[in-house]
Amino acid sequence: MSTKDYLLDVISRFRVVLDAHIRQLVCFDQYAIQVEGWLKGEIVQFFDSEKLATTLDEFETEVKCGYGRKRVDCFLKLQGTPVWVELKHWQIGSQGDQRWIASDYFVSKSFGIYGDADKLSKIIDGDRYILILATKNPDYEEQGDWGKGVGRFNQNFNPLHIKLECTPF
């Protein structure tokens, strides 16, 4: 199984975990907060279970990525292939007097995914991914905003390049 196929499967299976915490997600939206630490705690437990079930060869958190003091949220080894995963939690909708849409997080160097994409681009061994949880999920009309954001990121920050592997559901 490729790392891409594995992570797409993980996203589907992790959705069950998130569905069991729907009240937290509703509160995160209601109070307009991003809680990346909560997401990381949930995914750590999930990947730990994968390691115990021997689906993963290896799983670690906060692993140095080869230069400076930079670290990556999750490091996996799947069938011998290193997999580096950064996690993001985005608050979509109103936050104070500002309205956030997904593409906002793709187009700035000071917030969003630019720093993570740049960090991952410097890793030459293995596959690299950024997993994003949006609270709340964009509705049907807003889903096109993800693709637009990816396109704007690739245009604004060339030679960095990201690909959208799945759409919000």
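If you go through segment 36-57 and pick out every residue that is in contact (Cβ under 8 Å) with a residue 60 or more places away in the chain and touching a strand residue (DSSP E or B) at 6+ places or on another chain (Cβ under 6 Å), you end up with 1. Residues of segment 19-57 that are within 14 Å of the chain's Cα centre (by Cα), modelled with pLDDT under 90 and of a type in the set (A, V, I, L, M): VAL35 alone. Of all residues in segment 100-119, those being in contact (Cβ under 8 Å) with a residue 40 or more places away in the chain and under 21 Å from GLU42 (Cβ atoms) number 3. Quick one: would you say ILE123 is surrounded by 14 or more Cβ atoms within 10 Å (Cβ to Cβ), in a loop (DSSP other than H, G, I, E, B) and at pLDDT 80 or above? Against the criterion (surrounded by 14 or more Cβ atoms within 10 Å (Cβ to Cβ), in a loop (DSSP other than H, G, I, E, B) and at pLDDT 80 or above), ILE123 qualifies.
Residue-level check: of (1) modelled with pLDDT of 80 or more; (2) touching a Gly at 6+ places or on another chain (Cβ under 8 Å), GLY115 misses just (2).
In segment 58-73, the residue that is surrounded by the most Cβ atoms within 10 Å (Cβ to Cβ) out of those that are without any contact (Cβ under 8 Å) to a residue 12 or more places away in the chain and over 20 Å from the mean Cα position of the chain (by Cα) is GLY68.
In the set (1) surrounded by 13 or more Cβ atoms within 10 Å (Cβ to Cβ); (2) over 19 Å from THR3 (Cα atoms), SER110 fails one condition alone, (1).
The values are calculated or read from the model by the stated rules, or taken from the named source; none is laboratory data. Worth saying up front: this structure is predicted, and the values here are computed from it rather than measured. Neighbour counts are summed over all protein chains in view; Cβ atoms, including those assigned to glycine, are modelled from backbone coordinates with ideal geometry.
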